C-alpha cells in the first residue's frame, strides 16, 4: 500500500481535506479531545463501540475529513484497515510508540486523567508529530506548539515518557500512602514535589541532590535497611548502581 506521506509534497502544503473531525473512542484521551474542541468551538463528531453501532460509524465517516483514533495501540491498525477512507480524508492516531506510514501520528506530550484542563493548559501541550507531517496540516484550528519525530527515535521518545510517568505515580502514590499512614502532612509533599520541579527546570547548576548523588554509603545503607523486604528496595539498589556508574 502506498504510504500516506508519498501523496504530500516536500513543503508540507495543507491537504485538500474535507472539513470536520470524528473522534473515535470513549476513554480519557477521547474525552479530553472533545472537551478541548468544545473550548475552541471546533465542530466534531464522536463514535465509540460502547455507545454506537458499526452502521452508525459508516454513516459518520463520509461527513468528515479527519478520523481521530483515540483508541488502544493494539487496535489502531485493524480499525484503520476497515475504514476505507478516500483521498480527501486522513486517519490520525495518538500513540507515542506506534509508527505506521499509512496513518498520521500525533502524540500529545501530557498525561490525562478524569479531570479536564483549563484552555490555556490544553493550548500549551506540545504535540509530537510523525515525520514528515505538519501539525497545522491536520489541526489548523489548534494553536498548540509541535515538533517532528522520526520513526527511528520514536521508540526512545516514548520509553523515556513511560519511565518518567510510571515512576512518578508509583513513588508518588507510595509516599502519599506512607504520609497518610503516619499522619505526616500531605501539604509537605506538595511543596517537596514542587521543589523538585523547580530544580529540574532551573537550569545549569540545579541538579539532583542526596546520598545517591554524593555516594554517601552510610546514609544509603540506612535507607536500604528501612526499605528492606519491600518492592522499593530493589528499585533503590538499581538507582544506586546507576548513580555509582555516573560518579566514576
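Structure values in brief
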{"item": "Hits in the range 236-248 (condition: touching a residue at least 24 places away in the same chain (Cβ under 8 Å) and under 15 Å from residue 174 (Cα atoms))", "result": "none"}
{"item": "Among the candidates 233, 225, residue that is under 29 Å from the mean Cα position of the chain (by Cα) and closer than 19 Å to residue 175 by Cα", "result": "233"}
{"item": "Residues being part of a strand (DSSP E or B) and either farther than 23 Å from residue 123 by Cα or touching a helix residue (DSSP H, G or I) at 6+ places or on another chain (Cβ under 6 Å) (or both) - total across the range 14-30", "result": "2"}
{"item": "The range 64-78 residues that are outside the structural domain of residue 17 (by TED's automatic domain parsing), paired with ones that are outside any strand (DSSP E or B) and surrounded by 14 or more Cβ atoms within 10 Å (Cβ to Cβ) (beta carbon under 7 Å, 6 or more apart)", "result": "none"}
{"item": "Per-region count, the range 87-106, residues more than 21 Å from residue 149 (Cα to Cα) and surrounded by 12 or more Cβ atoms within 10 Å (Cβ to Cβ)", "result": "1"}
{"item": "Any hit, the range 181-200, residues being at pLDDT below 95, assigned to a loop (DSSP other than H, G, I, E, B) and either surrounded by 13 or more Cβ atoms within 10 Å (Cβ to Cβ) or not assigned by TED's automatic domain parsing to the domain that holds residue 20 (or both)", "result": "no"}
{"item": "Test: residue in the range 31-38 that is surrounded by fewer than 19 Cβ atoms within 10 Å (Cβ to Cβ) and part of a loop (DSSP other than H, G, I, E, B)", "result": "no"}
{"item": "Members of the range 201-234 found to be free of Cβ contacts under 8 Å to residues at least 12 places away in the same chain and in a helix (DSSP H, G or I), listed by number", "result": "214, 217, 218, 219, 221, 222, 225, 226, 227, 231, 233, 234"}
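The values are calculated or read from the model by the stated rules, or taken from the named source; none is laboratory data. It should be emphasised that the depicted structure is a prediction, and the values quoted were computed from it without experimental measurement. Using ideal geometry, Cβ is built from the backbone for each residue, glycine included, and neighbour counts are taken over all protein chains shown.
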